[in-house]
1. How many percent of Cα pairs in region 95-170 exceed 21 Å?
2. Taking the convex hull of the Cα atoms, report for region 104-281 its projected area averaged over all directions, in nm².
3. Using a 1.4 Å probe on the protein chains only, how many percent of the accessible area of region 9-101 belongs to carbon and sulfur?
4. Round to the nearest 10 and report in Å² the accessible area of F574, as given by a 1.4 Å probe over the protein chains' heavy atoms.
5. Between region 340-400 and region 402-451, how far is it from one alpha carbon centroid to the other, in angstrom?
6. For a 30 Å ceiling on Cα separation, which of these pairs sit above it: K96/K343; K43/K157; K429/K520; K96/K345?
7. Express the accessible area of region 355-470 per residue in Å², computed with a 1.4 Å probe while the remaining protein chains stay in the model.
8. Using a 1.4 Å probe and ignoring any ligands, DNA or RNA, find the accessible area of E419 and quote it in Å² to the nearest 10.
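The values are calculated or read from the model by the stated rules, or taken from the named source; none is laboratory data. Predicted, not measured: the structure shown is a model, and the values here were computed from it. Heads up, the Cβs are rebuilt from the backbone with ideal geometry, glycines too, and the neighbour counts pull from every protein chain shown. We work out accessible area using only protein heavy atoms, side chains counted, and drop any ligands, DNA or RNA first. Shrake-Rupley method; radii C 1.70, N 1.55, O 1.52, S 1.80 Å.
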Amino acid sequence: DFGRSSELAFVVEPSDDIAVQEQPLILYCQVEGIQPITITWRKNGVMIVDSENAFMLANGSLYVSRFQRVRGDGSSDEGEYDCMAQNHYGLLVSRKAKIQAATMSDFHIHPQNAVVEEGGVARFQCQIHGLPEPVILWHKNSMPVNTDNERYTLLPKGVLQITGLRAEDSGIFHCVATNIANVKFSREARLTVSGSHSTVYKDPMILVGPENLTLTVHQTAVLECIATGNPRPIVSWSRLDGRPIGVEGIQVLGTGNLMISDLTVQHSGIYVCAANKPGTRVRRTAQGSLVVQAPAEFVQHPQSISRPVGTTAIFTCVAQGEPPPQITWLRNGQILETSDHIKLKNNNSTLSIYGINQADEAIYQCLAENSAGSTQASARLTVLWADGLPSPPQSVRAETVSATTIQVSWEKPLQNTKEIIGYVLHIRKAADPVEMEYQEAVSKSTFQQLVTDLEPSTSYSFYIKAYTSRGASKASEVTVVSTLGEVPAMPSLFIKVINSTTVQATWEPSIKLGQHEGFKLYYRKVHLSQYTGPVLLASNITAYNITHLDASVVYEVKLLAYNQHGDGNSTVRFVSLRETVERTVLNPPCDCMKDEQNNKTSTTGIIIGIHIGVTCIIFCILFLMFGYRGRLLMCKNVQEQLSTPQIPRSQRSATGLVLNGATRRDRDDRDLNGKQLDMNELERLFPASPSQEQQEKGITSAHSLSAPHDETQISTLPLDEFSIIEEQPDPLPKNPHGSSPAAPAPNHGPANEG
């Protein structure tokens, strides 16, 4: 019962039909609602007057006594019929029923003679048009073909397939087409089965592929595919879009024909038939499209509503189908014309009636129609009107306060003001349609409203209604006023230093600037109060160079946009050129020609510099290594010398005291050079006596210096209080007493000092 008005609604509507020539036809129409109800019929939009041939029955159905496709006067009973029902609430129109005459044309494709070798495939086809679709049967040798034979496949479109031919299949074939209009026979065709089954290899080949079909939901589609080859190819089906075909309602007829029962819109697509040679990838394909249409049906029906005078009524009607249906609205059976207060939106799915009044009370119908069918739904609008409602508010005035604010004031109605519970202010841009209107509620004791968040330089319309618990008053007079203009917004300002005396100001133009507006640019030294400017710039200019500046001070740059309403807020930036000057001094401009010439000769210098650097690093490493080794050796010798017990001077003279790697004779030589080392001075500089630990380890005598050292001993004396001299050893002359030399002879010049 969705979409029905309780006051008037259809129970049964006429449906599409195929009528038989000279036979009676009944079109059904049943209505319920509040009596009295009047029912009338139309054909192709013209009222049908009762006659001997066509008249209305007591239950509202239309009876056509002898249906005729063409009458003597040239008229026809074929056409689109609809039923209209009316009572004092309004008028309804039923869906359109398409009535066609049953017909059958002559065969335009007859079966042809065929000679096929044994084991092959034979195919015969008949084609004929008719309403309703003729049923085609096949006869062989004047007898119906045995459909129980699995090698014989009959397709709905008049195709006979015979696979695995045998000699017994030879004969004469013809087809018989039947519908309610007639029965017709095709010409005969002879099938000859020749020879024996061939074993010669043949590539797979598709004799007949699927045709393009357009059907309606719930019908059955048969996609033909017949293939030959040796060995016999395997026929498979797929969709071109890769989606699965599915299994429900799917059946294979014969050796490769695809039948889909109870079609849905989801079955639409391109189907591919493939003939594959067994065990290989050799294949042949053919494809055909299937389009499944769905008649229009409602997803959301319009609902009957009751609304007070002056309010807004909205009906929603959503339909689906394939192809998508077109929606048309009727008002009491007549096509609804849109106006300022009647609007259609969302592809006619939404009907809005603004500021309703008594004249808008009616039955509204939504008709959804596509090539597969049509449907309708209706709803009634009841306009509530009560006696004693307030009269319209008086003296509505609107005054502009600012660029975004308007104050609206009014006076209370002249009549019936006791039941007023409040007022509603209706606001709309003057250039907008009625459906863009919005409202603001105001208490009953308030007679003015400040409307904010408006757009500058824009005209707005206002009207007031007074509300009671039983409904609203009529609308007051409409007043129109414009907001003030607004100055432009702040522009975005960027400063770029060009050189030591010039900066560039760039900005983006304000979107609120009009045709005759522009920019004002000011600049000054920050320690001064006086600006230079304004520099007036057109609205299409977005950059300006400020020249002849002093590099030693900081500048302030200010930019603003202006129009006929005044100056906008300014954007301020500060800039200093000092850093640019300093960079110029520290990094003077290069002589590019000179640098280019120097670059040509710099490669050799780089290579030489690398070699010198590597050599220096190697020498430094060797220097450090030998220096460290010599320092360790000197420290050891000094410690041994200082820890050796005192021996008689004669023994020291005989054995030769070793100090820092030098014999007494060597020391005498240094004394001659002014570099004699005073032993008493050393004892004064290093007064520490050998520790108990060193005495337990043993005292090293002078002659033990000639023996190899098993471990390195580090002196406990502070190394930073004296200098260590490393001498390079020279070959020593043989000792006349036959003893080994006490120490290597020193060089007289120091090799390293640290």
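1. Summing the P(r) tail past 21 Å for region 95-170 gives 38 percent.
2. If I average the Cα hull's projected area over directions, I get 11.3 nm².
3. Ligands and nucleic acids excluded, carbon and sulfur give 51 percent.
4. We get 140 Å² for F574.
5. Taking the Cα centre of region 402-451 as reference, the centre of region 340-400 is 21 Å away.
6. K43/K157; K429/K520
7. Per-residue value: 47 Å².
8. The value for E419 is about 90 Å².
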